[in-house]
Amino acid sequence: TTLLAVFVKDGLLEWVSIGDSPLYLVRGGKIERLNADHSLAPVLDLMAENGEISAEQAEADPRRSALRDAVMGQPLKLTDFGGPLELQDGDAVLLGSDGMQTLDLDRWADLCSAAAESGPEAILEHAFSEIEALDAPGQDNCTAILMSVHDTAA
C-alpha cells in the first residue's frame, strides 16, 4: 500500500509520502514532481545515467514499477516528508495514483493550467477520458485529486 497525504494551511503545503504515488506542482505552465518516487524507476534511471545499463534497458526493465518501500506493517525505510512550500495564486497541486502517469507530464501541465477557468472536476474528467481513450495495456488504476489555488487575500 502506498501513502500520499498533503496538508495545506495559511498558503503553505506540506506532505508525506511512501511509495510511488506522485505529487505535482503546476506553476506558470510548468509541472514539477514534489515527492520522491520509491519505486525502482529512479534507481534504474540512475544506473542508466551512470552508464551501468542503457536507457532502453532501464525503461524496459520489468521491475521498474516495483516498490522499494510500502506501508505493510513493517518498519519503513523510505518516507518522504516535504514542505513547507508557499503556494501562489494560479498554482495547481495534483495528487494521484501511479495510473495517472499514462498521460504525458506536459499534457497534465496543460490540463492543470486550465483548472482556474474550467474547475478541477472538469479537468480530471477530461484527463480520465484521455487516459481511457489511450487504452494502454495493463493500465493501472487511476485516482487523482486536483487543487486549484486562488488568492484568498483579495
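Details
- Inclusion of L146 among residues that are of a type in the set (A, V, I, L, M) and crowded, with 18+ Cβ neighbours inside 10 Å is warranted.
- A count restricted to region 7-48 and to residues that are assigned to a loop (DSSP other than H, G, I, E, B), in contact (Cβ under 8 Å) with a residue 60 or more places away in the chain and buried (at least 16 other Cβ atoms within 10 Å of the Cβ) stands at 4.
- Against the list (1) assigned to a helix (DSSP H, G or I); (2) surrounded by fewer than 15 Cβ atoms within 10 Å (Cβ to Cβ); (3) touching a helix residue (DSSP H, G or I) at 6+ places or on another chain (Cβ under 6 Å), the condition A136 fails is (1).
- Complete set of residues in region 78-93 that are aliphatic (A, V, I, L, M) and either touching a Cys at 6+ places or on another chain (Cβ under 8 Å) or in a loop (DSSP other than H, G, I, E, B) (or both): L78, L87, A92
- Test for E86: is it out of contact with any His (no Cβ under 6 Å at 6 or more places or on another chain), farther than 16 Å from L34 by Cα and not β-branched (V, I, T): no
- Looking across region 49-77, just one residue is at pLDDT 95 or above, aliphatic (A, V, I, L, M) and part of a loop (DSSP other than H, G, I, E, B), and that is I53.
The values are calculated or read from the model by the stated rules, or taken from the named source; none is laboratory data. None of these values were measured; they are calculated from a predicted model. When we count neighbours, we look across all protein chains shown, and the Cβ atoms used for this are built from the backbone with ideal geometry, even at glycine.
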